[in-house]
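See below for the structure under consideration.
The values are calculated or read from the model by the stated rules, or taken from the named source; none is laboratory data. Worth saying up front: this structure is predicted, and the values here are computed from it rather than measured. Here the Cβ positions follow ideal geometry from the backbone for every residue, glycine too, while neighbour counts run over all protein chains shown.
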Amino acid sequence: MTSMDFLLLTKGPLFQIAIAIFALGMLVRLVEIFALGRPHNYAAARGGQLIPGLKTVYKRFNPDPGTFKRAPFDVIVGIIWHIGFVVALLLFIPHIELIKSMFGVTWPGLPNPVVDAVTAITLFALLATLIHRLTHPVKKFLSTPEDYLIWTVTFLPVLTGYLAYHRLINPYPLALGLHILAAEIFLIVLPFTKLTHIFTAFVARWYNGAIFGRKGVQS
Amino acid sequence: MTEFSLERGLNALREEMDAPVASFFSSCVHCGLCATACPFYVETGDPKYTPIHKLEPMRLLWEQEYTLWGKLKSKLGLGKQVTDEMLEEWEPLLYDSCSMCGRCSMVCPVGNDIHYMIRKAREGMVASGHAPEGLIAASVRAVNTGSPMGLQWKTLDVQIKHVETATDLEVPIDKQGADYLVLLSSMEIINFPEYLEAITKIFDHAGVSWTLSQQCFEATNAGIQIGSKDIAATLVQRVVDAAESLGVKNVISPECGHAYTAIRWEGPNAIKRAYPFKVFHIIEVLDQLRAAGRIKTEGKEMDRLSMHDPCNLARKSGVIQQQRSLMDLVADNFVDLEEHGKFQWCCGAGGGVSSNERAEELKMAAFKRKKAQIEQVEPERMVTMCATCRTQLEEGLEEFNMDIPVVGLTEMIADHLVERDKPDDAAAKAGG
Ligand code: SF4
Ligand code: SF4
C-alpha cells in the first residue's frame, strides 16, 4: 500500500465508518440518558428550572473564585487546551472546507500561523495535564486506564496535525493520512468513553442548574 | 426495615437511577476538582475522600446495567461487580466522610450534582445493610418514639412550663386553625431551650397565631439522613397528619438545616403528594415579619459578629439574604466569612455525621475548614441558625481553644424586641 492508498483509505471508507460509529454511538448514549427520565417532584418550587439550568451551563466555563484559588493549574491549563482544541478543530481553514463539503455550512477561519501557534500551545498544555494526572495525588488516585486512553486519543490528532502541517512526517500523504486516522480513532472511541462529556456535560450542567434553580439557588 | 441483602441494595440503587444521574456519570472526567470543594478531603488530604469516588459502587452499577457498552462488557465477564464487600468498604465513605453539604455540586466543571447522587446512593446502603449503627439507632428511635433522640412530649412539656413562667406568656398547644404549626428538633430542645422562649416572645410581639402539636413536634427526619425512603415517608406523614388535623396553613421548621430540607424538599416526594400547607424555616418567617414591619427592635449588638450559613438552609434551599437582613436589624458590626452563602463551607456535622459516633474524628477534621474561615475574619461571636451546626461550632471552637461563643439568630432577635404594651396594660391605661 502506498502512502497515497493509505490516505485514500482514511479519507474514504474509514472516515465513513468512523462518522457512523460516532453518530450512532452518541445517539445511543443520549437515548440511554434521557430514557431514564426524572421522577415527578411534588415539593413546591422556589424558582424556575429552565433559565437557571442554562445559566449553569454557561457558568461552569468560569469557575468560582475559591476553586480558582485552590486549583489554578487545572482551571488555566484546562481552559487553554479546551479552547486550543476547539480553535484548531473549527477555525483551521482546511477543516472548515471539509465541514463545508460535508454539511454545506461554513464560517471564516483563522490565518494558518495563528492556528499553528494555538496548536503548539495546546500540545504543551495537554502534556502538562498528563504530567499533572500522573503526579497529583487526587488525579493519580482517580485515574483509570480509560483516562490515559482518552488523553492519548485526544493528543494524537493534535500532534499528527501539527506534524503534518510542518511536514515533519514524509511523504505528505502519509502524514495527512495519519492525522485523519487519529481523528477517526478519536471519533470511534468517543461514544464509549468519558469523551462523551463533550456532549453530556451540557446535559449534566443543565440538570445541576435546574435542580438547584428549583430551590432558588443559582449553581 | 426488614431483611437486608445485596440484592435489595442493588434494587434500591436501580430505583434511584434517573436521567440526571446518567448524565453525571457520563460526564465525569476525573479532574478531581470536586475534592478541592470537600472539607473532608481538604482537611485530611486523603484522595479517597474525593466526592465522586464516594459514588463508585453506584457508578459501576450504572455502567454495567444502564449503558450498552457496559452491558456488553459484563456479558464478556469484563469489569468489576458490585459486591457486599465493596459496599462495606464504601460505607464510611458515604456516611462518615460526607455531610451532604452539596459544595462539590457547585464546583464540578462538567456540572455533576454529586451530593444529589450521594443522597441516592445511601438508599442502596441502607437496603443492603451497610448503614452506620448510630444512624440506624436514631432511625429506630425516631420511628418508635417520634424523636431520633428518644425525647418525649413530657420532657418538652417541662420546658414549655419553664418558658411560660419565664415569659409570662402562653405557649399554645394543639390550637385548631392557627396560622403556623411550629416544629422543633430534639437536639434543640435538649441543647438550646432558649429557642422556644425566643419564638414565644417574638410571635407574641408580632401577633402571630401559632401552635405546637402534641401529636408531632419533631421536625427532623432520620429516614432522610440515613437514606431510607420508607422511614422518611413514615416520619413525614406524622407531620402532615398533625398539620392537617390542626388545619394549619403553614408549618415552621426550627433552627435546624436538615429538618428544613427534609420537610421542605424531600417530604412531599417521600409521601408522593404535594402538601396542603406551606413550609418555612423560622428564619424565613422572621424575615417576612421584619419586612412587614411586625418586628420592632431596639438597640444593637456592638461586638464583631460573623455568621455560619447552614448548608441545608443556604446552598441547598436558597435562604441566604433573609438571615443577613435580620442581622442588619440587630447587629452593628457584622462581617461575612469570605466564602459564604451558597459557597459557604460545611461545619462538618451535617448529613448524619454527628449522629455517627464512628465519624467523630473526621467530623472534627472537617471542622478545621470552618475554623480557618473564622480565624480569617476574627469575630468575637459567631451567629448561626441550626442546632447541629451550632453544637458543632461550639464543640469545635472549644476543641481548638478558641474563645468565640456561638449564638442562635432567633434568640438574638428576641433579645432586641421593643417591649410591647400588654393588651390589659393598654386597657388599664385607657381606663385610667
Ligand atoms: S469535579 Fe466533576 S468531573 Fe471532576 S472528578 Fe469530580 S465529579 Fe468528576
Ligand atoms: S456533599 Fe460536601 S461533604 Fe459530601 S462529598 Fe460533597 S463536598 Fe464532600
Problem set entry | Within the stretch B:2-56, helices (runs of 4 or more DSSP H) holding 1 or more residues that are within 13 Å of ligand 2 (Cβ to nearest atom), charged (D, E, K, R) and over 18 Å from residue A:37 (Cβ atoms) | B:39-44
Exercise. Looking at the stretch B:69-78, is at least one residue more than 7 Å from chain A (Cβ to nearest Cβ), closer than 18 Å to residue A:28 by Cα and within 13 Å of ligand 1 (Cβ to nearest atom)?
Worked result: no
Exercise. Any chance the stretch A:76-92 includes a residue that's under 30 Å from residue A:216 (Cα atoms), crowded, with 17+ Cβ neighbours inside 10 Å and more than 8 Å from chain B (Cβ to nearest Cβ)?
Worked result: no
Problem set entry | Residue, surrounded by the most Cβ atoms within 10 Å (Cβ to Cβ), within the stretch A:55-73, restricted to residues that are assigned to a helix (DSSP H, G or I) and in contact with a Lys or Arg (Cβ under 9 Å, 6 or more places away or on another chain) | A:56
Problem set entry | residue B:338 being of a type outside the set (Ser, Thr, Tyr), over 20 Å from residue A:212 (Cβ atoms) and part of a loop (DSSP other than H, G, I, E, B) | yes
For this session: May I ask you to list the residues in the stretch A:80-133 that are among the polar types (S, T, N, Q) and free of Cβ contacts under 8 Å to residues at least 24 places away in the same chain?
Result: A:101, A:106
For this session: Assess whether residue B:84 counts as being of a type in the set (Asp, Glu), on the phi < 0 side of the Ramachandran plot, surrounded by 24 or more Cβ atoms within 10 Å (Cβ to Cβ) and touching a Ser or Thr at 6+ places or on another chain (Cβ under 8 Å).
Result: no
Problem set entry | Residues of the stretch A:29-49 satisfying the condition of being more than 8 Å from chain B (Cβ to nearest Cβ), touching a residue at least 60 places away in the same chain (Cβ under 8 Å) and part of a helix (DSSP H, G or I) | A:30
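Each row is one residue, and each column tells you yes or no for (1) free of Cβ contacts under 8 Å to residues at least 60 places away in the same chain; (2) within 13 Å of ligand 1 (Cβ to nearest atom); (3) closer than 30 Å to residue B:368 by Cα.
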position: B:8; (1), (2), (3): no, no, no
position: B:15; (1), (2), (3): no, no, no
position: B:21; (1), (2), (3): no, yes, no
position: B:24; (1), (2), (3): no, yes, yes
position: B:45; (1), (2), (3): yes, no, yes
position: B:48; (1), (2), (3): yes, no, yes
For this session: Examine the stretch A:116-123 for a residue that is hydroxyl-bearing (Ser, Thr, Tyr), modelled with pLDDT of 95 or more and loosely packed, with under 14 Cβ neighbours inside 10 Å, and state whether such a residue exists.
Result: no
For this session: State whether the residues of the stretch B:224-240 include one that is out of contact with any strand residue (DSSP E or B) (no Cβ under 8 Å at 6 or more places or on another chain) and on the phi > 0 side of the Ramachandran plot.
Result: yes
Exercise. Which of the residues that make up the stretch B:30-60 are at the interface with chain A (Cβ under 8 Å from one of its Cβ atoms) and among the basic types (Lys, Arg)?
Worked result: B:48
Seminar exercise, completed: Flagged in the stretch B:254-299 as surrounded by 14 or more Cβ atoms within 10 Å (Cβ to Cβ), basic (Lys, Arg) and assigned to a loop (DSSP other than H, G, I, E, B), in numbering order, are B:294, B:296
Exercise. Quick check, is residue B:105 under 17 Å from residue A:204 (Cβ atoms), without any contact (Cβ under 8 Å) to a residue 12 or more places away in the chain, within 10 Å of ligand 1 (Cβ to nearest atom) and not assigned by TED's automatic domain parsing to the domain that holds residue B:257?
Worked result: yes
For this session: Please find, among B:82, B:110, the residue that is assigned to a loop (DSSP other than H, G, I, E, B) and facing chain A (nearest Cβ under 10 Å).
Result: B:110
Seminar exercise, completed: Heads up, the helices (runs of 4 or more DSSP H) in the stretch A:127-219 (entirely inside) with at least 1 residues that are more than 9 Å from every other protein chain (Cβ to nearest Cβ), in contact with a Pro (Cβ under 6 Å, 6 or more places away or on another chain) and closer than 21 Å to residue B:67 by Cα are A:172-189
Exercise. Restricting attention to the stretch B:113-134, which residues are part of a helix (DSSP H, G or I) and within 14 Å of another protein chain (Cβ to nearest Cβ)?
Worked result: B:114, B:115, B:116, B:117, B:118, B:119, B:120, B:123
